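For reference, the structure discussed in these notes is given below.
The values are calculated or read from the model by the stated rules, or taken from the named source; none is laboratory data. Quantities reported herein were computed from a predicted structural model and do not represent experimental measurements. Here the Cβ is made from the backbone with ideal geometry for all residues, glycine too, and neighbour counts use every protein chain on show. What goes into the accessible areas is simple: the full protein's heavy atoms, side chains included, and nothing from ligands, DNA or RNA. Shrake-Rupley method; radii C 1.70, N 1.55, O 1.52, S 1.80 Å.
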Amino acid sequence: MTQPPRVRFAPSPTGSLHIGGARTALFNWAWARRNGGTFLLRVEDTDRERSTQAFEDAILDGLKWLGIDWDEGPDLGGPFAPYRQSERLERHRELAAKLLEEGASYRCFCSSERITKLRDEQRASGQNPAYDKTCRGLERAVSEARAAAGEPFVQRFRVPEGSTTFADDVRGTVTFPNADVDDWIMVRADDTPTYNFVVVCDDADMQVTHVLRGDDHLTNTPKQVLLYRALGLEVPGFAHLPLMLGKDGKKLSKRTGDTALQDYRDKGYPPEAVVNFLCLQGWALDDHTEIFSTDELVANFSPKDVGKSGASFDPEKFLWMAGEYLRNDSLERVTHRCAPFVVAAGLMTVAEVEERKDWLAEAVASERERIHLYSELPARIAYLFEDDAELTWQDAALKNANKHAGAADTLASYLAWLRPRLVAPLDKDALRVSSREWAAEHSLKIPALFQPLRLVLTGAAGGPDFFDVMSLLGPERCAARIEAGIARLGAG
Ligand code: GLU
């Protein structure tokens with residue numbers, strides 16, 4: 001490579017960021033970073049009806065959440081500003097006029113009714129719908145006169161004969177017969193330019209050297225390559241990334257997994273896991289590593305290593321990976337990221353989280369082996385926030401406790417022993433050992449003490465080590481729960 005690549009991500013702000021788009025952005029970004037190149041963001045907001053500022057903001061926010069940064073963009077500016085396509089209209093008009101002047105495009109005066117009818121007929125006779133080139137041969141003077149008289153027209157690209165070949169890093173050499181490329185519309189009757197036209201104008205003006213984008217654009221590429229040539233411009237490199245497929249082998253849809261990046265954020269996926277997992281949809285670090293860091297991605301990514309076939313998206317594996325990241329991250333960061341979910345669940349206020357940060361970290365530590373997502377924490381620690389006298393007892397936990405005759409008496413006698421040992425901070429390890437000794441001295445099997453104790457402290461049959469629970473509850477609440485439990489078991 002002679003010069004560092006200039007690559008771009010060009011989202012349309014007509015919806016939230018799709019995970020396929022997020023993956024495209026990641027690959028572009030990683031490629032730029034690996035090569036000391038430039039990653040730019042261009043907002044393709046030419047669909048004025050459907051584009052909104054809110055979607056644009058959400059897309060940028062989603063990229064930031066993934067840890068992607070850009071060097072030029074609508075928010076940062078840059079040497080080729082503006083980076084919002086709708087603000088580049090003058091330049092698009094200038095290039096459209098040039099192409100018309102040079103004969104690389106032509107005015108088409110066919111009414112939309114005629115085109116619709118033509119297409120219907122073509123479809124009915126089993127042909128691919130295409131413009132029949134009625135206006136392609138109009139003499140320039142006639143075309144000028146009809147336009148001057150106010151007759152509406154679109155501007156079509158004059159596709160030459162022959163075939164169009166381009167190099168694609170993923171697919172190798174790709175060739176389309178030009179006969180299959182329609183004389184496509186560059187500028188609509190309302191004078192607005194179309195995607196295939198402006199994407200080339202902007203990529204060329206922004207000196208983009210490589211276009212990495214979804215496979216769904218592959219059939220647009222011959223149109224764009226022909227346009228580069230008509231404009232006398234160098235054609236950039238291309239890499240068309242395989243579509244992400246659901247486990248059913250079909251295009252990813254809501255049915256086979258969430259498709260909006262935001263859904264994963266809302267569900268409490270660690271962003272690092274999202275980056276890792278999305279990159280695995282089409283690319284791999286090697287033939288066996290599943291978990292890799294963003295640094296490893298950047299050090300190794302090449303579009304040439306992206307696979308051709310559709311990548312299969314496995315939601316269970318995604319969840320597993322989220323759990324791996326959650327477990328191996330620093331407790332401080334996991335706590336920080338769990339906190340908004342704890343607040344949203346109404347367990348703590350923002351101020352309480354701030355005041356009791358260490359306590360919350362301890363609560364996270366007690367559960368993080370058992371969760372995959374930040375959002376799973378609140379339900380797991382909700383028992384800590386319940387009223388001590390009225391803790392919810394799950395049936396399975398009660399059944400376990402009741403397996404042991406005299407559970408209430410056991411707890412009463414244990415509590416008498418425990419009370420002076422319930423101090424803060426609690427020496428959990430010492431208490432665990434001495435509690436077991438206490439059970440042995442009283443000729444009790446361990447479950448005969450621990451199952452009733454688990455019931456009265458947590459209400460659940462399984463869960464964290466209950467010396468962790470005792471420490472989290474603190475001496476008073478711990479004693480209160482055992483006392484209340486003895487009364488309830490006795491009464492039952
Ligand atoms: N705005 C287009 C899209 O979101 C960009 C496609 C391209 O990268 O050329 O699909």
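Could you say whether any residue in the stretch 314-328 is in contact with an Asp or Glu (Cβ under 6 Å, 6 or more places away or on another chain), modelled with pLDDT of 95 or more and assigned to a helix (DSSP H, G or I)? Within the stretch 314-328, one or more residues are in contact with an Asp or Glu (Cβ under 6 Å, 6 or more places away or on another chain), modelled with pLDDT of 95 or more and assigned to a helix (DSSP H, G or I). Name the residue that is farthest from E483 (Cα to Cα), counting only residues in the stretch 360-389 that are without any contact (Cβ under 8 Å) to a residue 60 or more places away in the chain and over 32 Å from the mean Cα position of the chain (by Cα). Ranking the candidates gives F385 first. P74 satisfies every condition listed in (1) in contact with a strand residue (DSSP E or B) (Cβ under 7 Å, 6 or more places away or on another chain); (2) touching a residue at least 40 places away in the same chain (Cβ under 8 Å); (3) more than 28 Å from F176 (Cβ to Cβ) except (2).
Can you tell me which residue in the stretch 277-308 is nearest to L243 (Cα to Cα), limited to those that are surrounded by 13 or more Cβ atoms within 10 Å (Cβ to Cβ) and among the hydroxyl-bearing types (S, T, Y)? So the residue we want is S302.
Restricting attention to the stretch 130-150, does a residue exist that is more than 15 Å from the ligand (Cβ to nearest atom), under 30 Å from T38 (Cα atoms) and touching a Phe, Trp or Tyr at 6+ places or on another chain (Cβ under 7 Å)? Looking for residues that are more than 15 Å from the ligand (Cβ to nearest atom), under 30 Å from T38 (Cα atoms) and touching a Phe, Trp or Tyr at 6+ places or on another chain (Cβ under 7 Å), one finds none in the stretch 130-150, hence no.
Considering A141, A167, A148, A96, the condition of being over 30 Å from P82 (Cβ atoms) and under 40 Å from the mean Cα position of the chain (by Cα) is satisfied by A167 alone. Here L40 fits the description: among the aliphatic types (A, V, I, L, M) and either under 17 Å from V200 (Cβ atoms) or not in a helix (DSSP H, G or I) (or both).
For every residue, the table says whether it meets (1) crowded, with 19+ Cβ neighbours inside 10 Å; (2) in contact (Cβ under 8 Å) with a residue 60 or more places away in the chain; (3) more than 16 Å from the ligand (Cβ to nearest atom).
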residue: G172; (1), (2), (3): no, no, yes
residue: N178; (1), (2), (3): no, no, yes
residue: A189; (1), (2), (3): no, yes, yes
residue: V200; (1), (2), (3): yes, no, no
residue: V208; (1), (2), (3): yes, yes, no
residue: L226; (1), (2), (3): yes, yes, no
residue: L233; (1), (2), (3): no, no, no
residue: L243; (1), (2), (3): no, yes, no
residue: K247; (1), (2), (3): no, yes, yes
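Counting only helices (runs of 4 or more DSSP H) that fall entirely inside the stretch 340-451 and contain at least 1 residues that are open to solvent by less than 60 Å² (accessible area, probe 1.4 Å) and basic (K, R), the qualifying elements are 428-441. For the stretch 402-424, the count of residues that are of a type in the set (D, E, K, R) and closer than 30 Å to F341 by Cβ is zero. When L66 is tested against (1) away from the ligand (no atom under 16 Å from the Cβ); (2) more than 30 Å from S253 (Cα to Cα); (3) of a type outside the set (D, E, K, R), exactly one condition is not met: (2). The single condition from (1) within 15 Å of the ligand (Cβ to nearest atom); (2) open to solvent by 10 Å² or more (accessible area, probe 1.4 Å) that F80 fails is (1). Restricting attention to the stretch 203-220, the residues being modelled with pLDDT of 95 or more, in a helix (DSSP H, G or I) and under 26 Å from the mean Cα position of the chain (by Cα) number 5.
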